[in-house]
1. Rg over Rh of the chain, using C-alpha atoms and the Kirkwood radius, what does it come to?
2. Which value in nm describes the separation of the simple spin-label points at F34 and E68, placed 7 Å from the Cα toward the beta carbon?
3. Pairs K87/K138; K124/K169; K87/K124: which are spaced more than 19 Å apart, C-alpha to C-alpha?
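Bear in mind these aren't lab numbers, they're just calculated from the coordinates by the rules spelled out. From a predicted model like this one, the values you see are computed outputs, not experimental measurements. Backbone-built Cβ (ideal geometry, glycine too); neighbour counts: all protein chains shown.
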Amino acid sequence: MTIDDMEQFEQIIGILNETFGNPDRPVSDIKMRFYFKALSDLSIDQLNDASIILANTKTIHTFPIPAEIRQAVEGNPHDQAQLAFDKLIDAIRSIGPYRTVIFDDPAIHAFVQSYGGWEDICDKTVDEMKFMRNEFIKGYPGLNRRTDVPLQLTGIHDGNNNRGGWDHKIPPAIVGDRTRALAWTEPAALSRGKTPLSIGGGNA
């Protein structure tokens, strides 16, 4: 979400408050800002979907915390890990090792980094991938807590240009949701004192 979504965001949070909170006590500005920051990597459509899912499934009458809202749209951590690994495999097959990629999930970057980078992981065999799936799913919660992950996974083309001192780069391929990719890469770049990445080129 972006600041342009704030009005709709406040409406959705207000509906959740009427459903699960106290309609006589509006959500405070501090709480509203906190929830917006905690959920900013979701799209406004995902947040709306989450509110509908919670209205149909949540049986305890307490205002949902951000983790509950996120889980409503993303599923439980095991399901998230399965989907994330499938996203990685699809990108390996459809994009391959030559183009630089940026995933919308930093946990994938952390995992690829642990296997030597994008070029190396694209070179794994089918049997190795089966082993990697189990390792990825088991370690997914820890991967999500990593803060030192690369902002992009460099492909062969950009790697050769970097080593040769050439500046010609192909825009990285965005794998997954562009808004979520921006939501984690831009703050991470700024926190490291770097210019936020230009991740044009559309979704993969």
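1. Numbers: Rg = 19.1 Å, Rh = 18.6 Å.
Rounded to two decimals, Rg over Rh is 1.03.
2. 1.5
3. Working: K87/K138 16 Å; K124/K169 25 Å; K87/K124 16 Å.
Long pairs (Cα-Cα over 19 Å): K124/K169.
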